1. For the chain, take the convex hull of the Cα atoms, compute a quarter of its surface area, and give me that in nm², please.
2. Whole number please: convex hull volume per residue of the Cα set in region 46-114, in Å³?
3. With each run of n ≥ 4 DSSP H residues scored as -39500 (n - 2.57), what mean residue ellipticity at 222 nm is computed for the chain after dividing by its residue count and rounding to the nearest 500 deg cm²/dmol?
4. Hey, how many Å between the Cα centroid of region 1-62 and the Cα centroid of region 112-153?
5. For the pairs K41/K179; K81/K179; K18/K56; K18/K68, note any where the Cα-Cα span goes beyond 26 Å.
6. With point charges of +1 on the Cβ of Lys and Arg and -1 on the Cβ of Asp and Glu, referenced to the Cα centre of region 30-106, which listed residue (L30, H40, L64) lies farthest in the positive direction of the dipole?
7. What whole-number value in Å² describes the accessible area per residue of the chain for a 1.4 Å probe?
8. In the chain, what percent of the accessible surface is made up of carbon and sulfur (1.4 Å probe, ligands and nucleic acids excluded)?
Amino acid sequence: MNPIDQLIMERRSIKKFKPDAVDIDEIIDLLNIAKWAPNHKVNEPWRFQLYAGAGKEKFVQAFLDSMKTPDGDIPQKALNKAQYFRDIPLHLVAIMPVDPRQRRFDEDYGALSSMLQNFQLAAWQRGIGMIWRSNDWIYNPVFREAIGVEPGEKIVATMMMGYPAHVPEKQARTDIREKLEIIDQ
């Protein structure tokens, strides 16, 4: 098996991280590699926010504010999740412009998704794991406003990353022949 095939098949989504810091310059290097994803007319339809160190608290507080009940309480489940977020070394928010033209939107979303997959693979090769999150709260106006996402922008993912404390076993995948229709006439 060639190294790229192996890398693709061995990458895992990581949910448990070591507390060890990840070098921000290394993340920047990885994003500079990942930016070579295909994107229509090389318009690079993305911007990022990286939350590290004490800056993570802004991300966590935005999450907590978005979880408040109408009476201002924060459910215990959200408080637990906030502590989990604090313990993760880095959070990267991937943001794209929302183009009202469906074709352009689809191209931009595909480009950013490809870029994020490149990022995950390049990071995995260096021993950095992550999980791509697109939970309900990224759509919450309270969260979006708190982290500076403008109207006309979409959060595509929050990439939570660090060195893996646990690598899950691979899960079976369906043979592609079961999902492929070949039209040869």
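1. 14.1
2. 118
3. The helix contribution divided over the chain gives -12500 deg cm²/dmol.
4. Between the Cα centre of region 1-62 and that of region 112-153, the gap is 9 Å.
5. With Cα atoms farther than 26 Å apart: K41/K179; K81/K179; K18/K68.
6. H40
7. Computed with neighbouring chains in place, this is 61 Å² per residue.
8. Answer for the chain: carbon and sulfur cover 52 percent of the accessible area.
The values are calculated or read from the model by the stated rules, or taken from the named source; none is laboratory data. Since we're looking at a predicted model, the values are computed, not measured. Note that we place each Cβ from the backbone using ideal geometry, even for glycine, and neighbour counts take in every protein chain shown. We work out accessible area using only protein heavy atoms, side chains counted, and drop any ligands, DNA or RNA first. Shrake-Rupley method; radii C 1.70, N 1.55, O 1.52, S 1.80 Å.
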